[in-house]
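Report on the following structure.
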Amino acid sequence: MTDPWEILNSLANKLNSLSTAPREQALLGQALKLSEETGEVAEAVIGALGMNPRKGHSHDWDDVRAEACDAAVTALILIARTGADPRDLFESHLQYLHNRSLTREATA
C-alpha cells in the first residue's frame with residue numbers, strides 16, 4: 001500500500017478494530033492524542049530555540065517537522081475515525097481556507 005490516504009484510512013480502521021472503548025470514548029482518546037502530539041511540537045520548538053535553560057538546544061528543526069507530521073497524521077486519523085473521508089474533507093477545507101484568504105486579510 002503506497003497511497004497516503006489508503007494508509008491513513010488503514011491506520012484509522014486498525015485503531016477502530018483494536019479499540020474496546022465505546023465509540024465516543026475512542027474519539028475522545030483520539031482527540032486527546034492530538035493534543036499530546038501538539039504538545040510534542042511545542043516541546044521540539046522550545047528545544048530547537050534553546051529556550052529551556054535546563055535542556056538547552058535539545059531538538060533541531062527536523063525534530064519540529066517530524067512532530068508536526070505526527071500531529072497532522074493524528075488529526076487526519078481523528079477525521080477518519082469520525083466516519084468522514086479525510087481526503088475529501090481536507091481538500092474541501094483547504095479550498096475553503098484558500099478562498100477565504102483571497103477575500104480578506106490573513107490574521108494568522
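Using the Cα gyration tensor of the range 48-108, with a ≥ b ≥ c the square roots of its eigenvalues, what is the shape: rounded (a/c below 1.5), prolate (a/b larger than b/c) or oblate (neither)?
Numbers: a/c = 3.86, a/b = 1.59, b/c = 2.42.
It comes out oblate by the Cα gyration axes.
Please tell me the relative contact order of the chain in percent, rounded to the nearest whole number, where contacts are Cα pairs under 8 Å and at least six residues apart. Let's see the in-between values first.
On the way: 77 pairs, mean separation 30.8, N = 108.
Relative contact order of the chain: 29 percent.
Describe numerically, in nm with one decimal, the distance between label points set 7 Å from Cα along Cα→Cβ at Met1 and at Leu89.
1.8 nm
What order do you get for Ser92, Ser19 when you list them from fewest to most C-beta neighbours inside 10 Å? Please list the in-between numbers first.
Numbers: Ser92 11, Ser19 15.
The order, fewest Cβ neighbours first, is Ser92, Ser19.
All of the numbers you see were taken from the coordinates with simple rules; none came from a lab. Just so you know, these numbers come straight off a predicted model, no measurement behind them. Heads up, the Cβs are rebuilt from the backbone with ideal geometry, glycines too, and the neighbour counts pull from every protein chain shown.
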